[in-house]
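This report concerns only the one structure given below.
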């Protein structure tokens with residue numbers, strides 16, 4: 001990458017164009033062009049954006065953009081082929097975890113909260129107690145109504161006898 005950057009810088013200086021002029025002409029920030037000329041690939045997050053900038057800059061300077069991109073691709077192949085497979089897998093796993101954390105979940109599709117068994121046992125116990133209270137109260141109402149009816153009938157019978 002350093003060779004490509006050096007080639008671009010030499011072509012720019014030969015043309016007598018300053019970094020700021022080139023930046024204004026092709027609408028790429030001067031810092032980006034400076035990083036390209038210095039070979040700082042680490043300053044770029046997106047490799048495809050970097051390739052696009054390199055090609056645009058090369059065309060602007062009158063160089064063969066395809067040839068430079070081919071050199072860049074060779075450099076990237078050599079660079080990435082030296083990275084151990086375990087490091088690549090680790091990085092992919094980290095990116096997948098980040099994506100999972102960023103997921104937006106609809107309130108209609110998010111998983112239900114699971115409660116422990118104790119919670120369900122207590123809830124069933126409370127429901128059974130409420131049912132027993134209702135049954136006892138209902139029976140009490142029936143018994144008191146019957147008692148009142150019997151007492152009323154008894155009073156009427158006593159009144160008739162007297």
- request: Using the structure shown, decide if residue 67 is modelled with pLDDT of 70 or more, out of contact with any helix residue (DSSP H, G or I) (no Cβ under 8 Å at 6 or more places or on another chain) and not in a helix (DSSP H, G or I).
  value: no
- prompt: Does any residue in the range 37-57 that is in contact (Cβ under 8 Å) with a residue 24 or more places away in the chain come within less than 6 Å, Cβ to Cβ, of a residue that is part of a loop (DSSP other than H, G, I, E, B) six or more places away or on a different chain, and which pairs are these?
  reply: 39/1; 41/1; 53/28
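With respect to residue 102, determine if the residue is modelled with pLDDT under 75, under 33 Å from the mean Cα position of the chain (by Cα), surrounded by fewer than 10 Cβ atoms within 10 Å (Cβ to Cβ) and more than 29 Å from residue 29 (Cα to Cα).
Working: modelled with pLDDT under 75: yes; under 33 Å from the mean Cα position of the chain (by Cα): yes; surrounded by fewer than 10 Cβ atoms within 10 Å (Cβ to Cβ): yes; more than 29 Å from residue 29 (Cα to Cα): yes.
Yes, satisfied.
Take residue 42 and tell me if it is closer than 20 Å to residue 78 by Cα, out of contact with any strand residue (DSSP E or B) (no Cβ under 9 Å at 6 or more places or on another chain) and either surrounded by fewer than 12 Cβ atoms within 10 Å (Cβ to Cβ) or not assigned by TED's automatic domain parsing to the domain that holds residue 75 (or both).
Values: closer than 20 Å to residue 78 by Cα: yes; out of contact with any strand residue (DSSP E or B) (no Cβ under 9 Å at 6 or more places or on another chain): yes; either surrounded by fewer than 12 Cβ atoms within 10 Å (Cβ to Cβ) or not assigned by TED's automatic domain parsing to the domain that holds residue 75 (or both): yes.
Taking the combined requirement at face value, the residue satisfies it.
The values are calculated or read from the model by the stated rules, or taken from the named source; none is laboratory data. Computed from a prediction, not measured in an experiment: that's the story for all the values here. In this analysis, Cβ positions are derived from the backbone assuming ideal geometry, glycine residues included, and neighbour counts consider all displayed protein chains.
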